[in-house]
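As C-alpha cells, the structure follows; a few thoughts come after it.
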Amino acid sequence: MSDFISQEGFDKLMEEWKRLKFVERPEMQRQVGAAAAEGDRSENAAYTYGKMRLRDIDRRLRELDKIIDHAKVVSTNAPADGSIRFGATVTLQDKKTNRQRIYTLVGVQEIDPIAGRISVNSPVGMALIGKKQGDSVTIEIPRGKVEYVIIGITYK
C-alpha cells in the first residue's frame, strides 16, 4: 500500500494531521465537554454535532496515519536525460487542433484535475513517462485517441 508522493504533498498531509490533532480535535473536545455539562444530552444539538465531528476528525486522522506511514517521498528534480518523470509539468499540444494542455504528474494523494495535477499512474501519466520534449504521444481518452506533441517539460 505504498504511494509515491512529492515532498510538497507530504508536507501538506503533515500540516493537515497536525492541525487536526493539535488544534481542531482539542477544540472540539472542549466544545463537547461544555455541551455535555449543560445536562440532557439526548436533545443537545451542540453535543450531538460535536461527537459526530470528533468521529470525523478521528476517522481522518486514522486515514492520514496510514497514508503517511506508507508514503514514499519521491524526488521531483529533473533527470539528466530530460525525460518525463514523477513531478514533471508537461505541456502538450494537440496535433489536430493545436490546443494546449498542461499536466503535472503527481501521486494519488495529490491529484487535483482542475489544477491539472494528474496521477503518474493514470493512462495519460503512464503514456508520458519516459518521453522527451518533441516526442509525439497518442493517448486514449473516452472520445477516442488524441495525438499530442510534447512541447515543454519543467520541474519545480
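None of the figures in this text is laboratory data; all of them are computed from the coordinates on show. These numbers come from a predicted model, not from an experiment. Ideal geometry is used to build each Cβ from the backbone, glycine not excepted, and the neighbour counts take in all protein chains shown.
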Of K72/K131; K18/K156; K12/K156; K95/K131; K51/K72, which pairs sit farther than 28 Å apart, going by alpha carbon to alpha carbon?
K51/K72
Return the whole-Å distance between the Cα centroid of segment 86-156 and the Cα centroid of segment 5-22.
26 Å
Nearest 500 deg cm²/dmol is fine: what mean residue ellipticity at 222 nm does the chain get from its DSSP H runs of n ≥ 4 alone, each adding -39,500 (n - 2.57), divided by its residue count?
-12000 deg cm²/dmol
Working out 0.36 nm times the residue gap between K95 and A115, then minus their Cα-Cα distance, what length gain in nm do you get to one decimal?
4.9 nm
Would you mind working out the magnitude of the charge dipole of segment 81-153 relative to its Cα centre, with +1 at each Lys and Arg C-beta and -1 at each Asp and Glu C-beta, to the nearest 20 Debye?
220 debye
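Charges only on Cβ, +1 for Lys and Arg, -1 for Asp and Glu: so what's the dipole of the chain about the Cα centre, in debye to the nearest 20?
Taking the Cα centre of the chain as origin, the dipole is about 380 debye.
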Which FRET efficiency value, to the nearest 0.05, do you get for D11 and Q31 by plugging their Cβ-Cβ distance into 1/(1 + (r/R0)^6) with R0 = 35 Å?
0.75
